[in-house]
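J.: Below is one structure. I have some questions about it.
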Amino acid sequence: MSALRGAKNLAGIGMTSQRTRARMVERLREQGIADARVLGAMAAVPRHVFVEEALASRAYEDTALPIGFGQTISQPYVVAKMIETLAAGRAGDRPLGKALEVGTGCGYQAAVLAQLANEVYSVERIQALLDRARRNLLGLKLSKLRLGYADGRGGLEKAAPFDSIIVAAVAEGVPPALLQQLAPDGRMILPLKSRDGGQRLVLIERARRGITETQLDPVRFVPLEAGKA
Ligand code: SAH
């Protein structure tokens with residue numbers, strides 16, 4: 001039953017069709033996303049599969065949408081921008097190497113990451129959301145993607161180190177465990193609270209000479225919470 005539903009949903013019709021998704025990708029290009037690998041990954045993942053049926057017709061709008069439990073699926077532009085930043089200057093069609101995502105949510109971003117990484121580990125602290133993400137991802141057959149139930153502030157020690165780390169929820173500061181699990185030449189992108197009460201994307205790079213931190217665009221994310229729920 002779920003496989004049949006998945007198969008029917010994957011192709012999409014009308015507002016969930018391949019053409020509507022191509023228009024979303026065209027808008028991302030107009031907004032400044034230039035890496036063809038990232039645009040290709042955004043074109044490959046059917047976002048409508050990750051939202052409830054009642055919202056499916058809005059899946060390709062450039063907006064965050066509710067996914068239950070007070071959480072949201074991230075805005076396509078922000079997903080593309082974060083991934084493009086991680087991939088920048090890295091060659092090949094798997095520029096993210098081994099990647100960790102904190103905050104699986106509905107699984108959308110994890111599916112995009114899986115297009116551009118050798119392996120993706122994604123952890124979520126709300127079990128019911130993780131179950132939903134597993135169902136959403138079923139039809140996509142992403143063998144490189146592994147999901148886990150964990151408080152992602154501790155990273156994922158057993159699979160570390162990671163070439164790329166992406167955090168989908170906002171914190172006050174960089175969780176130390178994530179910094180420790182970043183490989184040499186690794187990159188992490190995460191939203192952090194800024195002093196003015198807003199939020200900003202921050203890029204952390206581990207180079208031979210040490211850690212560098214670059215402030216990027218202002219954003220709006222749900223909070224990175226403690227413990228499992
Ligand atoms: N990546 C998702 C966005 C999810 S929203 C997408 O593709 O759209 C952020 C998610 O982070 C929520 O599901 C929330 O439950 C989760 N989260 C918050 N704090 C967390 C933590 N400490 N560890 C793991 N997940 C966390």
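J.: If ARG187 satisfies all but one of (1) surrounded by fewer than 21 Cβ atoms within 10 Å (Cβ to Cβ); (2) more than 30 Å from GLU53 (Cβ to Cβ), what's the number of the condition it fails?
T.: (1)
J.: Any idea which residue in segment 127-155 is nearest to the ligand (Cβ to nearest atom), counting only those that are part of a loop (DSSP other than H, G, I, E, B), surrounded by fewer than 21 Cβ atoms within 10 Å (Cβ to Cβ) and in contact (Cβ under 8 Å) with a residue 40 or more places away in the chain? Spell out the reasoning first.
T.: First, pick out the residues of segment 127-155 that are part of a loop (DSSP other than H, G, I, E, B): 141-144, 150-151, 155.
So of that shortlist, the ones also surrounded by fewer than 21 Cβ atoms within 10 Å (Cβ to Cβ) come out as 141-144, 150-151.
Restricting the remaining residues to those that are in contact (Cβ under 8 Å) with a residue 40 or more places away in the chain gives 150-151.
On the way: ALA150: 7, ASP151: 5 Å.
Checking each candidate, the answer is ASP151.
J.: Kindly indicate which of ALA44, ALA22 is at pLDDT 95 or above and either touching a Pro at 6+ places or on another chain (Cβ under 6 Å) or within 16 Å of the ligand (Cβ to nearest atom) (or both).
T.: Values: ALA22 fails: either touching a Pro at 6+ places or on another chain (Cβ under 6 Å) or within 16 Å of the ligand (Cβ to nearest atom) (or both).
The conditions single out ALA44.
J.: Please identify the pairs in which a residue from segment 67-94 that is closer than 15 Å to LEU201 by Cβ has its Cβ atom under 6 Å from the Cβ atom of a residue that is more than 16 Å from the ligand (Cβ to nearest atom) and among the polar types (S, T, N, Q), counting only partners at least 6 apart or on another chain.
T.: Listed pairs, sorted by first residue: TYR77/GLN31.
J.: Checking GLY103 against (1) more than 8 Å from the ligand (Cβ to nearest atom); (2) out of contact with any strand residue (DSSP E or B) (no Cβ under 6 Å at 6 or more places or on another chain); (3) under 24 Å from GLU52 (Cβ atoms), which test does it fail?
T.: (1)
J.: Quick one: in segment 106-117, of everything that is out of contact with any strand residue (DSSP E or B) (no Cβ under 6 Å at 6 or more places or on another chain) and either of a type in the set (A, V, I, L, M) or over 24 Å from ASN9 (Cβ atoms) (or both), which residue is surrounded by the most Cβ atoms within 10 Å (Cβ to Cβ)?
T.: The initial filter retains those residues of segment 106-117 that are out of contact with any strand residue (DSSP E or B) (no Cβ under 6 Å at 6 or more places or on another chain), namely 107, 109, 111-112, 115-116.
Remaining after also requiring either of a type in the set (A, V, I, L, M) or over 24 Å from ASN9 (Cβ atoms) (or both): 111-112, 116.
Details: ALA111: 24, VAL112: 24, LEU116: 27.
Among those residues, the one meeting the criterion is LEU116.
J.: Let me ask something else. Is it the case, given these coordinates, that LEU39 is touching a Lys or Arg at 6+ places or on another chain (Cβ under 7 Å), away from the ligand (no atom under 12 Å from the Cβ), within 20 Å of LEU113 (Cα to Cα) and not charged (D, E, K, R)?
T.: yes
J.: Does segment 200-229 hold any residues that are within 16 Å of the ligand (Cβ to nearest atom) and under 21 Å from LEU113 (Cβ atoms), and which are they?
T.: First, pick out the residues of segment 200-229 that are within 16 Å of the ligand (Cβ to nearest atom): 201, 219-229.
Hits for segment 200-229 are LEU201, VAL219, ARG220, PHE221, VAL222, LEU224.
The values are calculated or read from the model by the stated rules, or taken from the named source; none is laboratory data. As the structure is a prediction and not an experimental result, all values here were calculated from the model. No Cβ is skipped: glycine too gets one built from the backbone with ideal geometry, and neighbour counts run over all protein chains shown.
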